[in-house]
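Structure, as structure tokens:
The values are calculated or read from the model by the stated rules, or taken from the named source; none is laboratory data. These figures come from a predicted structure and were not determined experimentally. When we count neighbours, we look across all protein chains shown, and the Cβ atoms used for this are built from the backbone with ideal geometry, even at glycine. For accessibility, only protein heavy atoms count, side chains too; no ligands or nucleic acids. Shrake-Rupley method; radii C 1.70, N 1.55, O 1.52, S 1.80 Å.
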Amino acid sequence: MKDFKIAEPQTLEQVISLPAEEKDKFCLMAGGTDLLGEIKDEIISPEFIVDLKTIPGLSYIQKDKDGVKIGALTTVAELAENPLIKTDYPALHQAALALATPQLRNMGTVGGNLCQRPRCWYYRDPNMKCRKKGGSQCFASNGRNKYHAILGARICYIVHPSDLAPALISLDAEVTISSPKKEKTISLADFFTLPQVNVRKENILEPNEVLRELRIPQAKNGEKSTYLKFKERGTWDFAVVSAAVKGTVSGRAFKDIRITLGGVAPIPWRLKIAEDLIKGKKVTENLLRQAAGEALKEARPLKDNGYKKELIEVVLSRAVLSLM
Amino acid sequence: MSKREYFKDTEDATLLYYEEFKDKETILQQATPEPEKEIFKIVGQYTPRIDGEKIVTGQAPYTHDISLKGMLFGKILRSPHACAEVVSVDLSEAESLPGVKAALPLKKGRVNYAGEPVAAIAATDEKIAEEALRLIKVDYKPLPFAVTVEKAMEEGAPQVLEDRPNVPPKPFNDYSRGDIEKGFKEADFIIERTYKTAVEIHHTAETHGSVARWEGDRLTVWDSTQAIFSVRDGLARWLRVPASRVKVIKKYMGGGFGSKLGINDYTVIAAMLAREARKPVKLILSREENSICVGNRPSSLQTIKGGVKKDGTLTALYLKNYTSGGVGGGDRCAEPIIDVYKCPNMKVEEYTVYTNTGASRPTRAPGHVQGTFALEGFMEELAAEINVDPLELRKKNYSTKNLGDTGIPYSSKGLDKCYQMGAEKIGWHRRNKKPGQGNGKVRRGLGMASQIWWGTGRPGTLADIKIHPDGSVEAICGTQDLGTGTRTYMAVITAETLGLKPEDITVKIGSTEYPWCGSSGGSTTTPSVAPAIREAALKAVEWLKQLAASEMKIAPDAVIIDKGKFINKDNPEQAISFQDALRRQRREMVFHGECGGRSSDYAYNTFGVHFAEVEVDTETGQIKVLKVVTAHDSGRIMNRLTAESQVIGGVTQGISTALFEERVVDETTGNVVNRNLRDYKIATSMDIPEIIPLFVDIIEPRMNIMGTKGLGEPPRIPISGAIANAVFNAIGVPIREIPMTPDKVLEALKRKEG
């Protein structure tokens, strides 16, 4: 690990006025649970770290007339314990609890969870210069790829590791970004970008932009949601496949439904095709398998990760059925 | 309790089995001497660790905690190539970095795995040492490599070691008995199955490391080791100094599992750097280094062909194994198949496959873990084939002599009792009579697997008891506590013998300045140290009784010793304290004990059985272990609390390798890709079910005066097989490969449908 300095800003303005062209020199840090690991492993070696935790007022969960606002520096543990989140947004509550370990949830933040870097073992190997690190090849595509992407990947086969992201996207969350230009609010689904757009990044953030807040619209009457995570071991494991489902049920059918998968694509993967097939129809296991099957027609498994297709079918069916 | 009572409330079939053997006067009566009456009060009870508080409050000094005045920090530069020619190593720039005090080139010629040491640095702090590593210029000429068994076995594959083929044509284990062809002819059923086990990494909680200090020509080394005397002798050899001038210290350790046996390169390097820099050097390896270059459990690819009669009698077993320990040797996996079951006709061929990966090291029950997984999986499939209860099949082929009943008798073998106790506790009758007979997406099943291991002690192990004039007592032995509770049972045995309490005893271990004891490997520590301590303590008692008798003016054999007092057996009113007995004593007294030898007329082994209950989600392929019951025959138990911990630890490790653990090597780059504890998955507390450890408590007087056998490795051996067999019982399709990850279970279920 190389030495670095720590900057302790007092305001967001100080952060967004950092020179974007010197992006290799600094990194923003929230909980640090991922960033410090990257620095220790020498995946990145910034000259200084900008500790966002010294800025007051970025940690909160507030209800207002439009829904709920969550400060980016709210810890995952605080999110998991919040009674409003638990009753109105079960998918988010469950995702928070399914994430990492109690120690990591105490340190990790909501914003940091969304901005964490991929866990691809080639990316995390300091000896390997893959595309994501400016190299010319993806080692995973022909290497050991049991945990890699089967959907949406072409030049880089990472999967997005966040548990909160699929839940938040299914809940139609928006994200507010402080930027040198002007603060902007966009749909969280538009926040994440595929490697094909820019292989070095997983989202639209510029180095001197800060994910400041999340907003989730008011839960509709009768709205239900759930997050189902399939991981290999009991805890401290990233999703092999996860599904966040939100919908309003009427009789045996969904009036509307949102399905977002985790662990299968370089970004949280919205299953629009499956949603359209399920919406308005009587939900049966058969229908769900069929919907998953349609959505998986675009899946491109690698040598070791074909089993994720089967897991997607099961996890999706179980998550949807649990809302009936 | 009569034997009748002992076996009551069990299944008819099992009871019948016992009755049948009882009539024939075999098993217990023949193979085991009558258990002697329990004479101990503290030994065998639940005694908390005497150093437990120190350990959990962070006061116990581990090697990582050692900090000396002026100490430097050592780091090793390792090859990033799986195979390369080291053309040159230029240390000049690194040496000129301020703070660098020593630099050593370590390699010329060929490196054969990614992680092989190339150069080393000692500097005033870790960061400077790391920076210096980056400044070392190594000119590598990369060469083709083979990091997987498949690749290494291909025709024309790159040759891993310069002096031998990747698969030496002569098997390293070539064993046969009887007539294998005749055996197959006699069989009513013959099946052949192939089993595969992955490379497992030890991943001790405390990573490997040493601290070395020279004072003139005298060397002191603090080392995280299972073998202080081997380290001392190894250092003396490598550094060409007399062993008398080398001292090795190991007070506390965070795990070894075989990876810390013998002398290690990093220890020698630390001592060389310290000599060069004329300063103490601390060299602690990282988690990443622990993943690639301090050993591993070799993989195995075992094919078993076996023949059985309709009634379950084994007629022939044939094992062929390809095992790979990287640039080190493979594991001898055949011992369980050779020994456990009565089988007159046998053939074994085992071959090593060399690959360009780090060298193997003994890993908690080397070979037996892999061999038992295959053998017990095979027995389970055989039982299904002939439609008998898998436990009955094992009993049917029960042996009382080693080499599958063709050798010498076991000194004691309580495996039948283990079967009985374990089956009863898990509720063996609840298993699916036909594998996979249940319905539903989530299926339950029960499985079992038997265990054999050695676990005898080392004759010649020395221990001292020192009695001070003030009555205080020391128990001293140059052994090392791997975390198993050695200190505590030394105190327990001493206290038991001298009529004191364990906390009264000062235990001294972990230094080569103490009486000699061998490595802590092979489950030998307890059966080596316990009898030596007992013998020394018995001598001390003799002397103490004489002293007390003369104070009390009675005959020495009228003195009994209890609760810190000497009591007149004929007049219990007359009693004096330890201090009173010693009041004329002006100097300390030392009594020497030694672990004695044993008759060669018997085979000495430990036995056991594990039963597992699992739940398998047939849609996701996920296995959940619900309950584990173990029953072990390890002779007399010294401390039931730490013995149970030992079993729980072994089972936990076994669950972890059955379900998760696998070193993953990338064929393109030759690197291990999961060099951390996130990607190399070890079971968490959430994956560990209720574990019920039982002991049969058969005292083993032929082996040593404490009647005890080892317990370090036995609980690690059968668990993966028991889980695999429970999975087979649940879903009706065997998983012949560990780890049994969901992708493999789904694959197997598809095979079943197909």
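Data table
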{"item": "Residue of A:20, A:239, A:274 that the Gaussian network model of chain A assigns the largest fluctuation, springs spanning Cα pairs under 10 Å", "result": "A:20"}
{"item": "12 Å beta-carbon shell around residue B:184, net charge (K/R +1, D/E -1)", "result": "0"}
{"item": "Contact surface B-A: accessible area buried, both sides summed, square angstrom, 1.4 angstrom probe", "result": "3100"}
{"item": "Alpha-carbon centroids, segment B:664-702 and segment A:149-193: separation in whole Å", "result": "37"}
{"item": "Packing rank of B:634-643, B:167-176, B:426-435, B:485-494, where each peptide gets the mean count of other beta carbons within 10 Å, highest leading", "result": "B:485-494, B:634-643, B:426-435, B:167-176"}
{"item": "Helix-derived mean residue ellipticity, 222 nm - over chain B, DSSP H n ≥ 4, -39500 (n - 2.57), to 500", "result": "-8500 deg cm²/dmol"}
{"item": "Sequence ranges B:395-403, B:732-740, ranked by mean other-Cβ count within 10 angstrom, highest first", "result": "B:732-740, B:395-403"}
{"item": "Nearest-20 debye value, segment A:60-125 charge dipole, Cβ charges on Lys, Arg, Asp, Glu", "result": "140"}
{"item": "Leading residue at positive end of dipole, segment A:223-321 (Cβ point charges), from A:302, A:271, A:321", "result": "A:321"}
{"item": "Threshold 30 Å², segment B:657-679 residues less accessible with all protein chains present than alone (1.4 Å probe)", "result": "B:660, B:664, B:666, B:669, B:671, B:673, B:675, B:677, B:678, B:679"}
{"item": "Mean-position separation - Cα centroids, segment B:604-656 and segment A:209-262, in angstrom", "result": "38"}
{"item": "Lys, Arg +1 and Asp, Glu -1 on Cβ, resulting dipole of segment A:223-321 about Cα centre, debye, nearest 20", "result": "180"}
{"item": "Mean-position separation - Cα centroids, segment B:425-440 and segment B:137-189, in angstrom", "result": "39"}
{"item": "Reachable aspartates and glutamates from residue A:281, criterion Cα separation under 12 angstrom, eight or more residues apart if same chain", "result": "A:256"}
{"item": "Structure-based [θ]222 nm, chain A - -39500 (n - 2.57) summed over DSSP H runs of at least 4, per residue, nearest 500", "result": "-6500 deg cm²/dmol"}
{"item": "Antiparallel DSSP beta bridges within the protein assembly as shown, as percent of all bridges there, nearest 5", "result": "80"}
{"item": "Given charges at beta-carbon only (K, R positive; D, E negative), |dipole| of the protein assembly as shown in Debye", "result": "920"}
{"item": "Percent of C-alpha pairs per 20 Å bin, the protein assembly as shown, short to long", "result": "11, 37, 36, 15, 2, 0"}
{"item": "Chain A, relative contact order [Cα under 8 Å, separation at least 6], %", "result": "18"}
{"item": "Per residue solvent-accessible surface (Å²) - the protein assembly as shown, probe of 1.4 Å", "result": "39"}
{"item": "Rounded if a/c under 1.5, otherwise prolate or oblate - chain B, Cα gyration tensor axes", "result": "oblate"}
{"item": "Among the listed pairs A:129/B:127; A:182/A:308; A:146/B:282; B:624/B:750, those beyond 29 Å (Cα-Cα)", "result": "A:182/A:308; A:146/B:282"}
{"item": "Shielded residues, segment B:736-752 - accessible-area loss of 20 Å² or more between chain alone and all protein chains, probe 1.4 Å", "result": "B:741, B:742, B:743, B:746, B:750"}
{"item": "Inter-chain shielding of B:74-81 (mean C-beta neighbours from other protein chains, 10 Å cut-off)", "result": "1"}
{"item": "Cα Rg over Rh - segment A:223-321, Kirkwood", "result": "0.96"}
{"item": "DSSP bridge orientation in segment B:199-299 - percent antiparallel, rounded to nearest 5", "result": "75"}
{"item": "Share of carbon and sulfur in the accessible heavy-atom surface of the protein assembly as shown [1.4 Å probe, %]", "result": "50"}
{"item": "Kirkwood-based Rg to Rh ratio, segment B:339-478, C-alpha trace", "result": "1.13"}
{"item": "Cα-based shape type of chain A, given that a ≥ b ≥ c are square roots of the gyration tensor eigenvalues and the cut on a/c is 1.5", "result": "oblate"}
{"item": "Inter-chain shielding of B:615-622 (mean C-beta neighbours from other protein chains, 10 Å cut-off)", "result": "4"}
